[in-house]
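Only one structure is covered here, and it is reproduced in the block below.
Taken together, the values in this text are just the output of simple stated rules run on the coordinates, not laboratory data. Because the structure is a prediction, the values reported are computed rather than measured. Cβ sites come from the backbone with ideal geometry, for glycine too, and all protein chains shown count toward neighbours.
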Amino acid sequence: MHIRSFTAPAVLVTGALLLSACGGDSPLEGKTGPEVAELAADALVEAGSVHVSGEMTDDGETGEIDLRLEGDDAAGTITMDGVEIEIISVDGTAYLRGTSDLVSMLGIPAEAADQIEGKWIELPGDASADFEDFSLKGIADELRSPDDAKDETRKDELDGDDVVIVEQEDGKSLVVKDDDPAYPLEMRGGGDSEGTLTFRDHGEKQDIEAPDDIADLESILGG
């Protein structure tokens, strides 16, 4: 499983890791790293929702996310190249909040900026698809693709919880709760990347809805 750079639209998080070693009544006892990652993905899907946040630097590029995920929907912020993007994604359609930084980044003419700033911009289908990896399913799919995850895992504690850590050959790791369900708790950078993504509020209702104040970008730009 890969922890890819989430600074490029399409993937925000990934990784393969976990821990398990000796002894006890661990639900993950005897599981390999890829098997633990698979169980973590299953637990995430069954939970139906999660809040993921944190910062990761990969190949010199730093990205930050703070997203509430429920099913295929998402809401929160993604920061790329120093620009914070507020996003809501519902039923496969993504909406971005029109800020001055976003208007500048998208190259929207100055005469149209006043009609966009502060409102939501609906992205066309192909552009919305770029954000599909920023979803519960997108993260779970990444957890299910173990590539260079080590078979051997190790045990540890995180905030008082027993956890299993699965490591990749490149030093990245995934921290999984040593329990049933085996929720993913953290993704940690390593090697050429650094930072931590944290998972919390597994299974809690997120109440994500499409925005009301939507700017007709095509009309504004005279399309």
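Modelling each spin label as a point 7 Å along the Cα-to-Cβ direction, I'd like the Ser100/Lys205 distance in nm, to one decimal.
3.9
Given the rule -39500 (n - 2.57) for each run of at least 4 DSSP H residues, summed and divided by the residues of the chain, what is its mean residue ellipticity at 222 nm, to the nearest 500 deg cm²/dmol? Working shown, then result.
Details: 6 runs with 46 residues, N = 223.
My calculation for the chain gives -5500 deg cm²/dmol from helical runs alone.
Just to be sure I understand the model, the point goes 7 Å from the Cα along the line to the Cβ. What's the resulting Asp66 to Thr93 distance in nm?
2.7
Among the aspartates and glutamates, which have Cα under 18 Å from the Cα of Lys119 when same-chain residues fewer than 8 positions away are ignored?
Correct list for Lys119: Glu84, Glu86, Asp101, Glu111, Glu209, Asp212, Asp213, Asp216, Glu218.
Please arrange Asp151, Asp73, Asp212, Asp42 by how many other C-beta atoms lie within 10 Å of their C-beta, fewest to most.
On the way: Asp151 11, Asp73 21, Asp212 7, Asp42 15.
Exposure proxy ranking, most exposed first: Asp212, Asp151, Asp42, Asp73.
Once label points are set 7 Å from the Cα along Cα→Cβ at both Glu117 and Asp212, what is their separation, rounded to one decimal in nm?
2.4
Order these by the 10 Å Cβ neighbour count, fewest first: Thr79, Thr153.
Going from sparsest to densest Cβ surroundings: Thr79, Thr153.
In whole Hz and in residue order, list the ³J(HN,Hα) couplings for the stretch 148-157 that follow from phi through the Karplus curve 6.51 cos²θ - 1.76 cosθ + 1.60, θ = phi - 60°; x for Gly and Pro.
Couplings: 10, 6, 6, 5, 6, 10, 9, 9, 7, 10 Hz.
What do you get for GluC sites (Glu not before Pro) in the stretch 77-127 restricted to DSSP loop and a cutoff of at most 16 other Cβ within 10 Å of the site's Cβ? Mind showing how you got there, number by number?
Working: sites: Glu84, Glu86, Glu111, Glu117, Glu122; in loops: Glu117.
Loop-located and lightly packed - Glu117.
Roughly what angle does helix 33-47 make with the longest principal axis of the chain, taking Cα atoms, 0 to 90 degrees, to the nearest 10?
Approximately 50 degrees, to the nearest ten.
For Lys150, Lys205, what ranking results if the residue with the fewest other Cβ atoms within 10 Å of its Cβ goes first? Can you show the working numbers first?
On the way: Lys150 19, Lys205 10.
The order, fewest Cβ neighbours first, is Lys205, Lys150.
Within the set Lys31/Lys155; Lys31/Lys172; Lys155/Lys205; Lys150/Lys177, which residue pairs have Cα atoms separated by over 23 Å? Intermediate results must be reported in sequence, preceding the final value.
On the way: Lys31/Lys155 12 Å; Lys31/Lys172 19 Å; Lys155/Lys205 30 Å; Lys150/Lys177 18 Å.
With Cα atoms farther than 23 Å apart: Lys155/Lys205.
Report, for the chain, the % of DSSP beta bridges that are antiparallel, rounded to 5.
Working: 58 of 60 bridges.
Here the antiparallel bridges make up roughly 95 percent for the chain.
Between (1) 12.8; (2) 13.4; (3) 12.2, which matches mean projected area of the Cα convex hull in nm² calculated for the structure shown?
Working out mean projected area of the Cα convex hull in nm² from the coordinates points to (3).
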